[in-house]
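Since the structure comes first, as structure tokens, the remarks are kept for the end.
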Amino acid sequence: MAAAIGSIARRKAASTFLSNNGKFYYSFFLSSRGGRGFATASSDDNDVVVVGGGPGGYVAAIKAAQLGLKTTCIEKRGTLGGTCLNVGCIPSKALLHSSHMFHEAKHSFASHGVKFSSVEVDLPAMLAQKDKAVSNLTRGIEGLFKKNKVNYVKGYGKFVSPSEVSVDTIEGGNTIVKGKNIIIATGSDVKSLPGITIDEKRIVSSTGALSLSEVPKKLVVIGAGYIGLEMGSVWGRLGSEVTVVEFAADIVPTMDGEIRKQFQRSLEKQKMKFMLKTKVVSVDTAGDSVKLTLESADGGNQSTLEADVVLVSAGRFPFTAGLGLDKIGVETDKAGRILVNGKFATNVPGVYAIGDVIPGPMLAHKAEEDGVACVEFIAGKGAHVDYDMVPGVVYTHPEVASVGKTEEQVKALGVQYSVGKFPFMANSRAKAIDDAEGIVKILAEKETDKILGVHIMSPNAGELIHEAVLALHYGAASEDIARTCHAHPTMSEALKEAAMATYDKPIHI
Ligand SMILES: Cc1cc2nc3c(=O)[nH]c(=O)nc-3n(C[C@H](O)[C@H](O)[C@H](O)COP(=O)(O)OP(=O)(O)OC[C@H]3O[C@@H](n4cnc5c(N)ncnc54)[C@H](O)[C@@H]3O)c2cc1C
Ligand SMILES: NC(=O)c1ccc[n+]([C@@H]2O[C@H](COP(=O)([O-])OP(=O)(O)OC[C@H]3O[C@@H](n4cnc5c(N)ncnc54)[C@H](O)[C@@H]3O)[C@@H](O)[C@H]2O)c1
């Protein structure tokens with residue numbers, strides 16, 4: 001009890017430090033009373049019109065309807081769920097799971113005493129299972145729209161005024177949808193690179209990489225970010241020789257440096273090759289194989305590489321083509337992202353923006369948080385989105401999940417900090433299932449023990465991280481996690497032990 005009281009007191013001190021610090025990115029806790037509210041329009045208009053039916057847009061539409069606002073969502077692709085459900089999070093995770101099962105069957109089952117004479121990939125069946133997952137989920141959102149009475153218009157929306165969207169419908173007609181408040185949730189699209197034309201056959205974006213008709217013998221991935229490492233893992237497990245060309249000096253440049261090093265080693269053990277500080281200068285598709293010319297990032301000697309398929313995964317850009325932003329005067333930054341204030345309002349009264357199309361991490365769960373908060377502001381309620389507490393997960397094997405600050409960021413802030421680590425090699429559940437590669441790393445403010453960042457590399461790290469996300473939200477100290485009873489034997493015990501290591505000593509190492 002004394003310890004718990006102690007940690008609450010230290011938390012108070014920590015929040016003072018953090019709120020004084022001013023460097024924390026995009027933390028808003030605002031009440032929208034007195035804010036922009038509803039723009040004026042005739043009574044048969046929608047209260048809210050959402051352009052784009054991705055995780056940002058469809059969630060905003062459902063939440064708006066739940067708040068009693070008359071709502072219409074406009075989506076051009078013919079199915080709801082946006083990039084994430086149709087060509088992103090869901091199909092990639094389906095393939096990551098299927099390819100992991102194949103890889104385990106081939107390489108790990110025998111050591112668990114499970115033997116069979118042969119195992120092979122049935123790629124059409126694997127792709128069909130992915131497609132089934134996608135269509136079930138997209139249809140599920142249509143069901144949610146009906147349940148919540150969200151009006152759904154299938155077509156391409158463009159502004160004709162700040163309260164009117166003209167929609168070229170998929171059926172071929174045109175309709176004007178009016179709204180007192182319009183939310184832009186048009187998401188993002190793949191960034192192409194100069195001189196490289198994506199044909200979705202041999203030069204593919206993530207969309208093409210989710211539907212290759214055969215396993216390429218050689219796959220070159222441009223960009224060692226989320227997409228490159230996840231899709232590189234999928235095809236590597238199914239038999240491709242994968243080379244990842246990355247412009248920066250490190251893979252996933254935003255990751256905690258120490259975790260990243262271990263992650264890279266793990267991927268290399270899985271036979272993924274990396275060419276860091278390297279750029280692709282040109283791509284020649286004239287022959288049977290694709291020939292890439294490479295150069296060191298800072299210039300210098302050129303080299304060549306051959307591939308059957310090249311995946312371009314060097315980032316995404318905010319998608320606003322044909323939306324008519326210039327017509328109504330919505331401001332964007334140099335990268336084309338729509339500028340919004342703390343309530344997701346653009347500079348044009350009654351027009352809001354959320355998700356990948358605004359600054360911040362390009363993640364589905366972040367877009368959803370934006371969507372809910374945006375309509376809560378519109379409805380006159382208070383809302384809270386803290387981008388510093390958005391978890392990030394790379395769904396490879398092991399997974400890498402993190403929330404809060406990296407050690408590099410903590411150092412840059414000049415904060416005195418403590419670090420606690422615990423390897424999964426010393427975790428009994430991980431050893432029991434013979435899947436013990438990875439580590440938990442916790443960073444806490446030295447003086448107050450307040451947790452600043454948590455980084456986990458392990459199987460299922462994407463599930464384990466949420467205990468840390470909650471801890472950060474509540475301003476917990478590492479001692480709070482350490483003194484919380486964790487079930488045994490679980491992987492989560494590694495987080496408890498790392499917390500013990502942060503403020504005191506772990507037991508099991
Ligand atoms: C391969 C891949 C894997 C990913 N995996 C993950 C993951 O595991 N976890 C995660 O958090 N994120 C993941 N992401 C990122 C995630 O998909 C995006 O962050 C998320 O979809 C953004 O949501 P959004 O609603 O802002 O935009 P989007 O999902 O892009 O949705 C925007 C929608 O608007 C529609 N639209 C655009 N313009 C118009 C218009 N003028 N009129 C009508 N409709 C329009 C588009 O058709 C689209 O459906 C992944 C992305 C990719 C490409
Ligand atoms: N698990 C997930 O949450 C998940 C999965 C997939 C995608 N996403 C989201 O989708 C977005 C796009 O993913 P992504 O992997 O395309 O982008 P990314 O920003 O994650 O990574 C792009 C990588 O490409 C490198 N790069 C840029 N230009 C290059 C060049 N010319 N040559 C070589 N390398 C170059 C960058 O340094 C970076 O490492 C991400 O921002 C991420 O938020 C998330």
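At q = 0.09, 0.20 Å⁻¹, what log₁₀ I(q)/I(0) does the range 409-509 have when each alpha carbon counts as one equal point scatterer in the Debye sum?
-0.19, -0.92
Go through R483, R237 and list them by solvent-accessible area, largest first, probe radius 1.4 Å. Kindly include the intermediate steps, with their values, before the conclusion.
On the way: R483 145, R237 20 Å².
Heavy-atom accessible area, descending, gives R483, R237.
In the range 190-239, if the dipole is taken from +1 on Lys/Arg beta carbons and -1 on Asp/Glu beta carbons about the Cα centre, which of V220, A209, T197 is farthest to the positive end?
The one lying farthest along the dipole's positive direction is V220.
Can you work out ³J(HN,Hα) from phi for every residue in the range 487-496, in order, using Karplus 6.51 cos²θ - 1.76 cosθ + 1.60 and θ = phi - 60°, giving whole Hz and x for Gly and Pro?
3J(HN,Hα) across the range 487-496, in whole Hz: 5, 10, x, 9, 5, 4, 4, 5, 5, 4.
What does the convex hull of the Cα atoms of the range 73-207 come to per residue, in Å³, rounded to a whole number? Show your work: numbers first, answer last.
Values: hull volume 24.8 nm³, N = 135.
Convex hull of Cα atoms, per residue: 183 Å³.
In deg cm²/dmol, rounded to 500, what helix-only [θ] at 222 nm does the chain give when every DSSP H run of at least 4 residues adds -39500 (n - 2.57) and the total is split over its residues?
Details: 15 runs with 172 residues, N = 509.
Here the helix-only value at 222 nm equals -10500 deg cm²/dmol.
If only Cα atoms are counted, what is the Rg of the chain, and what is its Dmax, in Å?
Computed over the Cα atoms of the chain, radius of gyration and Dmax are 24.2, 73 Å.
To the nearest 20 Debye, how big is the dipole of the range 193-311 about its Cα centre, given +1 on the beta carbon of each Lys and Arg and -1 on that of each Asp and Glu? Each step should come with its number before you reach the end.
On the way: 14 positive and 16 negative charges, 63 e Å.
The calculated dipole for the range 193-311 is roughly 300 debye.
Take each of the peptides 217-230, 164-177, average the number of other beta-carbon atoms within 10 Å over its residues, and list them starting from the highest. Kindly include the intermediate steps, with their values, before the conclusion.
Details: 217-230: 23.4, 164-177: 14.5.
The most tightly packed comes first, giving 217-230, 164-177.
Output the lone cysteines of the chain: those with no second cysteine's C-beta under 4.7 Å from their C-beta.
Cysteines of the chain left without a disulfide-compatible partner: C73, C374, C485.
Give the accessible surface of the range 69-166 per residue, rounded to a whole number of Å², with probe radius 1.4 Å and ligands, DNA and RNA excluded.
Details: 5050 Å² over 98 residues.
Dividing the accessible area of the range 69-166 by its residue count gives 51 Å².
Taking the convex hull of the alpha carbon atoms in the range 202-348, what volume per residue do you get, in Å³? Please report the intermediate quantities before stating the final value.
On the way: hull volume 24.0 nm³, N = 147.
So the per-residue Cα hull volume is 163 Å³.
Starting from the amide H of G453, placed 1.01 Å from N in the peptide plane, find each other amide H under 5 Å away whose residue is 5 or more places distant or on another chain.
The answer is K405, L443.
If amide H atoms are built 1.01 Å from N in the plane of the peptide, which residues on other chains or at least 5 residues away come under 5 Å of the amide H of F319?
Result for F319 returns G187, S188, D189.
So if I place +1 on the C-beta of Lys and Arg and -1 on the C-beta of Asp and Glu, and nothing else carries charge, what would the dipole magnitude of the range 396-453 be about its Cα centre? I want it in debye, nearest 20. Can you show the working numbers first?
Numbers: 8 positive and 9 negative charges, 29 e Å.
Around 140 debye, computed over the range 396-453.
For the range 322-382 and the range 475-509, write down the distance between their C-alpha centroids in whole Å.
So the separation of the two Cα centres works out to 39 Å.
List, in order, the whole-Hz ³J(HN,Hα) value for each residue of the range 141-147 obtained from phi through the Karplus relation with A = 6.51, B = -1.76, C = 1.60 and θ = phi - 60°; use x for Gly and Pro.
Result, ordered by residue: 5, 4, x, 5, 4, 4, 4 Hz.
Using the Karplus curve 6.51 cos²θ - 1.76 cosθ + 1.60 with θ = phi - 60°, work out ³J(HN,Hα) for each residue of the range 223-229 in order, rounded to whole Hz, and write x for Gly and Pro.
Calculated HN-Hα couplings, in order: x, 9, x, 4, 5, x, 6 Hz.
Hey, got the dipole for the chain? About the Cα centre, +1 on K and R Cβ, -1 on D and E Cβ, debye to the nearest 20? All intermediate terms of the calculation are to be shown ahead of the outcome.
Values: 56 positive and 55 negative charges, 145 e Å.
Its charge dipole is roughly 700 debye.
Which links in K277/K450; K93/K277; K191/K343; K218/K411 stretch past 30 Å when you go from one Cα to the other?
Details: K277/K450 36 Å; K93/K277 28 Å; K191/K343 28 Å; K218/K411 40 Å.
Where the Cα-Cα span goes over 30 Å, the pairs concerned are K277/K450; K218/K411.
The values are calculated or read from the model by the stated rules, or taken from the named source; none is laboratory data. Every value quoted in this text rests on a predicted model; they were computed, and no experiment measured them. Heads up, the Cβs are rebuilt from the backbone with ideal geometry, glycines too, and the neighbour counts pull from every protein chain shown. For accessibility, only protein heavy atoms count, side chains too; no ligands or nucleic acids. Shrake-Rupley method; radii C 1.70, N 1.55, O 1.52, S 1.80 Å.
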